[in-house]
There are 2 protein chains.
Amino acid sequence: MPRAVIGRLSLYLRELEAFERRGETTVSSSLLGSALGINDAQVRKDLACFGQFGRPGIGYRIAELIRALRQILGIDRDWPTAIIGVGNLGRALLRYRGFRNRGFHIVALFDNDPKKIGQTVGGLVVQPLERLGEVAEELGLRLAILTVPGEAAGRVAELAAGCGIRGLLNFAPVTLTVPEPLSVISVDLSIQLENLAYRVLHEPNGGEAITD
Amino acid sequence: MPRAVIGRLSLYLRELEAFERRGETTVSSSLLGSALGINDAQVRKDLACFGQFGRPGIGYRIAELIRALRQILGIDRDWPTAIIGVGNLGRALLRYRGFRNRGFHIVALFDNDPKKIGQTVGGLVVQPLERLGEVAEELGLRLAILTVPGEAAGRVAELAAGCGIRGLLNFAPVTLTVPEPLSVISVDLSIQLENLAYRVLHEPNGGEAITD
């Protein structure tokens, strides 16, 4: 399944939840797409990849589609998640409310700086990286957020893979080559700013683009 | 130009800079792509969109291609940039070294919280949002990083557009509908984690994906 489709599923889910909060029970593909700037044919095509959700003359039943999308995306469960690298960005992400709302609970912090190990940050004690395997097993960790410097990221990703971590959200500005079966999504914030600068220079009409 | 191509230009640039640091002067399309998991035909096709850079039997001249890509991406200049919303994420991004390296200098901070206004954070005084227009003109601000809560993001984006801001990197987890000619790139961190959870559940072999 193309990553862009999966990214759009998350957006559809957010829109559907907004419709539900407003008391709606059904929604058409064109209404669902319009707030996101996605046309109705694309909405129908994306959703048809995962099942037969729409009904002619009715549209999508919101509660049913929310349930299905949460299951497809895997956020119908809790994901205990670690943050590796307790610097400024790691601390900010620990306090980011958007994660918990989607089932991602930060339950462990790791660093290799002796000055940070043992500190309590946001109610969690920073643990040494050597304990990652033990803690991962104890807490059932499968996801980790990597906020270490670029030069350390490769080594820590290898370590995480060996400790049973299956997915890494990497903020270090490097391309990681990681062993299977680890999945990595890299968010390079300076690349986002570069893309934005390009658009300001070359796309005078502006508009919205969603990172997917 | 598709956004994915622009995202890959940033990645090519990073690889080229790494080659240059290692003392190389030319590089083939296959070598350039290999560290990024992109095949040589794709590399040639992407770069051919912007000019005739490669030379048969030689490959790409690294210094020349770096200069061209920096110009295309608009990072051959300085971009004074504001952070709007001085919470945890805003403060972390203020200290993020990756921005300054690419010419993005955080030169102003804005918030609407009276307790924050007037505070000095990272050497900058937090200013009230009402001063955005004045400061934007004074400092030549065209880019801003938006780290305000979701419910405030739409209003602040409107305000920024009216103050001459041309590009917004939006971290609020909402889809913004913004007036031309404002360009917005939204980085929704919980969507990235959702995509990662999907891949852990459905793509057992893992692998790397670069947000583009």
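In the Gaussian network model of chain A, springs joining C-alpha atoms below 10 Å, which of A:Gly23, A:Gly122, A:Gly85 carries the largest mean-square fluctuation? So, out of A:Gly23, A:Gly122, A:Gly85, the one fluctuating most is A:Gly23. What percent antiparallel are the DSSP beta bridges of the stretch B:60-137, to the nearest 5? Rounded to the nearest five, the antiparallel share is 20 percent.
In chain B, helical runs assigned H by DSSP with n ≥ 4 each contribute -39500 (n - 2.57); averaged across all residues and rounded to the nearest 500, the mean residue ellipticity at 222 nm is -13000 deg cm²/dmol. Subtracting the Cα-Cα distance of A:Arg97 and A:Val5 from their residue separation scaled by 0.36 nm leaves 30.6 nm. Inter-chain Cβ neighbour count for A:174-187, averaged per residue, equals 6 (cutoff 10 Å, partner chain atoms only). Place a label point 7 angstrom from the Cα of A:Asp40 along the Cα-to-Cβ direction, then list the residues of the stretch A:46-71 whose backbone nitrogen is under 13 Å away. Counting backbone N atoms under 13 Å from the label point, the list is A:55-60. Counting, for every residue in B:51-60, the Cβ atoms of other protein chains within 10 Å of its Cβ and taking the mean gives 0. Determine the distance separating the Cα centre of the stretch B:34-111 from the Cα centre of the stretch B:118-139; give it in Å without decimals. A separation of 26 Å, based on Cα centres.
Tell me the trypsin sites (Lys or Arg not before Pro) within the stretch A:16-46 that lie in a loop according to DSSP and have at most 13 other beta-carbon atoms within 10 Å.
Answer by residue number: A:Arg22.
Cα gyration tensor of the stretch A:52-205, axes a ≥ b ≥ c as square roots of the eigenvalues: rounded (a/c below 1.5), prolate (a/b > b/c) or oblate?
Oblate, since a/c reaches 1.5 and b/c is not below a/b.
Against the empirical 2.2 N^0.38 Å (N residues), the stretch A:1-59 has a Cα radius of gyration ratio of 1.06. Partners of A:Lys115 within straight-line reach, counting lysines whose Cα lies under 30 Å from its Cα and excluding those fewer than 8 residues away in the same chain: B:Lys116.
What percent do you get for the relative contact order of the stretch B:102-212 when only Cα pairs under 8 Å and 6+ apart count? Relative contact order for the stretch B:102-212 comes out at 17 percent. Each Lys and Arg adds +1 at its Cβ and each Asp and Glu adds -1 at its Cβ; summed about the Cα centre, the stretch A:3-73 shows a dipole of about 140 debye.
Taken together, the values in this text are just the output of simple stated rules run on the coordinates, not laboratory data. Keep in mind that this is a model prediction, so the values were computed, not measured. Cβ sites come from the backbone with ideal geometry, for glycine too, and all protein chains shown count toward neighbours.
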